[in-house]
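Enquirer: Just dropping this structure here.
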Amino acid sequence: MSLKPMAFIRHSLVACIMLASLPVSYAETVTSFESAFAKVQSYQSQNEVWQQGQNISDLNIQQSRLLQNPSLNVEQSGFGSDQEKELSIGIQQPLDLFGERKLKRSIANISNQQLHLLQELWNAQSELIVKFAWSQLIVADVEQSMYASQRSVSQTNLESAQKRYQAGSIALVNYERAQIEALEIQRLHQQAILNKQLAQRQLTNLWGDTSSDVQLNSSSIPWPEQSTQTVQNNISEGWLEKLYALNTQQSNHQIENLRLKARPNPTLNVGMRQTQAPNENTDTALVFGVDIPINIFNRQQYTIPMAQQQQLLMNQQQQRELKQQILDIANQMHQLKALRKQLDSTTSQIDLAVNVQRRTLQGFQAGKLSITDVQQSTTQLQNIRLGQLEILKQAWRIALTAEALSLGLSIEDISRSDAYMQLNKKTIEATQNLMNEGAL
């Protein structure tokens, strides 16, 4: 066997080994938002974090049921042989006469309920982040289709202008103007393709991939039809109201905890005292006692009103936020309905503009109209299509803004490139804060 076939086989084996060592990317085709969200859920799963939070919450509840530890006191006096010796052994146990343990259990249970609400909110908010990325892709797809249609129109115009120029019926400058128009539309189409590729990469990055194939249904204009129902469902779920209510309950318990500190919680003392005189006679006695603190100076008379004022401010702020949320959502839904009417209007305009452009081109081909007439009708068609595209972009942004408001977010929270990472970070911080607040 010659050296060349041997070298070819050797290089082929090396290439196969290198390909086998590369990480495998399963480029599964995504055809719907549901399938995209399922891939994100699988990749961005926070089940371990929530399970750890639940474990901490359960331990916190168990911890709240424990009694306070007793203390042991040992004293001895008289160490000389001619001195009276006294040995005292006592145990002090704080009593719970005013329901301190019951209050701690209530606070721990509220923290547990808040944890469950945060998990439900996280699920809804994470879905909204994926929906925003999905909306960017479908809008980019509409933009690409629009410029593809315009490119086809401009190419037809250019071919017609070329035929008339070759026939000598129009000047070179008119043919060059058609070339400029076709090249500009070609550039815009290429930019639209790039925008769609970028939107697709931003979507697939949410499930840790860059090569997944996303196929969209481009048969109709993708209007956010489900947003109104989604917003209504979010409002009816009342996640924010429930969370605010639990915050109020927790604040009430914290105020009650201050009141408990102001009360004289006694401590039971049980012990034994043994006395031995120099003549070695021993006397043993059992001792019972109660220590009662005298809250003369510090009765929490200032901290309780401070906490009550803070609670009042928190309640007022929460009520304002909820009211403003409803008003803002209503405004967004009103704008969305108005945009829908505008979209229907532009659809009729596009049909008319397509007919006008086609008849204008036919007139130009017949020598009855000029290249300027063709370009004006083509520009008019392009402007109407761009107007429809802008309406679609506004509609999706407004719809997702309303959905974000119904979940206590803003459009900026879901549109940033690291939205998912920030959501997970806030969730972990909120979980830790709940555990810290519950462990009083």
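Enquirer: Could you please state how large a percent of the accessible area of region 217-266 is carbon and sulfur, counting protein chains only and using a 1.4 Å probe?
Expert: 46
Enquirer: Can you check what the net charge comes to around Ser227, using other residues whose Cβ is under 15 Å from the Cβ of Ser227 (Lys, Arg +1; Asp, Glu -1)?
Expert: Neighbourhood net charge equals +1.
Enquirer: Using a cut-off of 26 Å between alpha-carbon atoms, which lysines can reach Lys102, once sequence neighbours fewer than 8 places away in the same chain are excluded?
Expert: Correct list for Lys102: Lys242, Lys261.
Enquirer: Quick one: Cα centre-to-centre distance for region 215-243 and region 57-116, in angstrom?
Expert: About 53 Å separates the Cα centre of region 215-243 from the one of region 57-116.
Enquirer: Right, here's the next one. Excluding Met421 itself, what net charge comes from residues whose Cβ is under 14 Å from its Cβ, given Lys and Arg +1 and Asp and Glu -1?
Expert: Values: positive: Arg416, Lys425, Lys426; negative: Asp413, Asp418, Glu429.
Here the count lands on 0.
Enquirer: Here's another thing I want to ask about it. Could you tell me which label, among [x] 33, 29, 19; [y] 77, 32, 14; [z] 35, 32, 30, carries the value of semi-axes √(5λ) of the Cα gyration tensor in Å calculated for this structure?
Expert: [y]
Enquirer: Given a 1.4 angstrom probe, what's the average accessible area per residue across region 119-266, in square angstrom?
Expert: Normalised by residue count, the accessible surface of region 119-266 is 49 Å².
Enquirer: Each residue of region 261-272 in order: what ³J(HN,Hα) in whole Hz does its phi give by Karplus 6.51 cos²θ - 1.76 cosθ + 1.60, θ = phi - 60°, with x for Gly and Pro?
Expert: So the Karplus estimates, Gly and Pro as x, are 5, 7, 8, x, 7, x, 10, 8, 10, 10, x, 9 Hz.
Enquirer: Per residue of the chain, what 222 nm ellipticity follows from adding -39500 (n - 2.57) for every DSSP H run with n ≥ 4, rounded to the nearest 500?
Expert: Details: 11 runs with 307 residues, N = 440.
Computed mean residue ellipticity for the chain: -25000 deg cm²/dmol.
Enquirer: Now a separate question. Mind giving me the FRET efficiency for Gln308 and Gln68? R0 is 30 Å, r the Cβ-Cβ distance, nearest 0.05 is fine.
Expert: Computed FRET efficiency for Gln308 and Gln68: 0.65.
Enquirer: Ok, one more. Output the peptides 310-321, 391-402, 192-203 sorted from most to least packed, where packing is the average of other Cβ atoms within 10 Å over each peptide's residues.
Expert: The packing order, highest mean first, is 391-402, 192-203, 310-321.
Enquirer: Using a 1.4 angstrom probe with every protein chain in place, what is the largest-first accessible-area order of Phe364, Phe79, Phe98, Phe33?
Expert: Putting Phe364, Phe79, Phe98, Phe33 in descending order of accessible area: Phe79, Phe98, Phe33, Phe364.
Enquirer: Heavy atoms only, probe 1.4 angstrom, no DNA, RNA or ligands counted: give me Thr230, Thr282, Thr378, Thr347 ranked by accessible area, highest first.
Expert: The ranking, largest first, comes out as Thr282, Thr347, Thr230, Thr378.
Enquirer: Quick check for region 267-405: number of Lys pairs with alpha-carbon distance under 30 Å, counting only pairs 8 or more apart or on different chains?
Expert: So the count works out to 5.
Enquirer: Could I ask something else about it? Just to confirm the filter: which trypsin sites (Lys or Arg not before Pro) across region 48-113 are DSSP coil and have at most 16 other Cβ within 10 angstrom of their Cβ?
Expert: Arg65
Enquirer: Given the C-alpha centroids of region 399-428 and region 296-314, what is the distance between them in whole angstrom?
Expert: 35
Enquirer: Sorted by accessible area with a 1.4 angstrom probe, largest first, how do Ile91, Ile294, Ile329 fall?
Expert: Heavy-atom accessible area, descending, gives Ile294, Ile91, Ile329.
Enquirer: Now, a different point. Net charge near Phe364, counting Lys/Arg +1 and Asp/Glu -1 over other residues with Cβ under 12 Å of its Cβ?
Expert: +3
Enquirer: Something else about it: May I ask you to evaluate 6.51 cos²θ - 1.76 cosθ + 1.60, the Karplus curve with θ = phi - 60°, for each residue of region 223-233 and list the ³J(HN,Hα) values in order in whole Hz, giving x for glycine and proline?
Expert: The phi angles translate into 8, x, 5, 7, 5, 4, 5, 5, 5, 4, 5 Hz.
Enquirer: Roughly how far apart, in whole Å, are the Cα centres of region 167-206 and region 275-295?
Expert: Here the answer is 100 Å between Cα centres.
The values are calculated or read from the model by the stated rules, or taken from the named source; none is laboratory data. Bear in mind the structure is a predicted one, so any value in this text is a computation, not a measurement. Backbone-built Cβ (ideal geometry, glycine too); neighbour counts: all protein chains shown. Areas reflect the complete protein model, heavy atoms only, side chains present, ligands, DNA and RNA absent. Shrake-Rupley method; radii C 1.70, N 1.55, O 1.52, S 1.80 Å.
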